[in-house]
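The values are calculated or read from the model by the stated rules, or taken from the named source; none is laboratory data. As the structure is a prediction and not an experimental result, all values here were calculated from the model. Because the Cβ atoms are built from the backbone with ideal geometry, glycine has one as well, and the counts that use them run over all protein chains shown.
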Amino acid sequence: MGTLGLVQGWFLMTTLSLLSCAYLFWRYDRDGVDWLFANAAKEWEEGVNDDSGRFKRLVAKLLSSKRGLKGVGTFILASIYVDALIVAVHYRESHFSGIRSRDWFLLFSTVVIGNIWWGIRIGLLVEILKWLAEHFWSR
């Protein structure tokens, strides 16, 4: 069985990830059911006040910072650590009113960012294991 290599494998997995997320994104909007709880997260953010706990206020502050440079950083971190579909749905301006080009851009961006992160991590791990095998296990 042949292998694709890191770059070709990354392109294949990014494409498949984008296709599956795009289908679920479309279904989410078409069905009009918040099965990702994205609207619930927004309502939770709005319910945070000064009497809320320190952790809850911090999380709400990070989640609600969607504009400006701070928002871009938050979007990138969310794209790395949270599922791409959830990030794209959360950052949409409106839900269940049709998918705009900005929404597709958000989905594409978060899929690519997440896959770049995983590609770097897996690629680095593979190279480390190759080096270890070459220097320690092949003797």
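When the residues of the range 125-135 are narrowed to those that are surrounded by 11 or more Cβ atoms within 10 Å (Cβ to Cβ) and among the aliphatic types (A, V, I, L, M), which ends up farthest from Gln8 (Cα to Cα)? Step through it out loud before you land on a result.
The first filter runs over the range 125-135 and keeps only residues surrounded by 11 or more Cβ atoms within 10 Å (Cβ to Cβ), leaving 126-127, 129, 132.
From what's left, among the aliphatic types (A, V, I, L, M): 126, 129, 132.
Values: Val126: 15, Leu129: 20, Leu132: 24 Å.
By that ranking, first place goes to Leu132.
Any idea how many residues of the range 1-36 are modelled with pLDDT under 85 and assigned to a helix (DSSP H, G or I)?
Taking the range 1-36 and keeping what is modelled with pLDDT under 85, we get 1-7, 33-36.
Within this subset, residues satisfying the condition of being assigned to a helix (DSSP H, G or I) are 6-7.
Qualifying residue count, the range 1-36: 2.
Output the number of residues of the range 84-139 satisfying the condition of being touching a Leu at 6+ places or on another chain (Cβ under 6 Å) and either of a type in the set (S, T, N, Q) or part of a helix (DSSP H, G or I) (or both).
Looking only at that region, the number is 6.
Residues that are buried (at least 20 other Cβ atoms within 10 Å of the Cβ) and out of contact with any Ser or Thr (no Cβ under 9 Å at 6 or more places or on another chain) within the range 104-115 comprise Leu106, Leu107, listed in sequence order. Looking at the structure I just gave you, is Gly53 modelled with pLDDT of 65 or more, surrounded by 13 or more Cβ atoms within 10 Å (Cβ to Cβ) and of a type outside the set (Lys, Arg)? Judged against the criteria, Gly53 is not a match.
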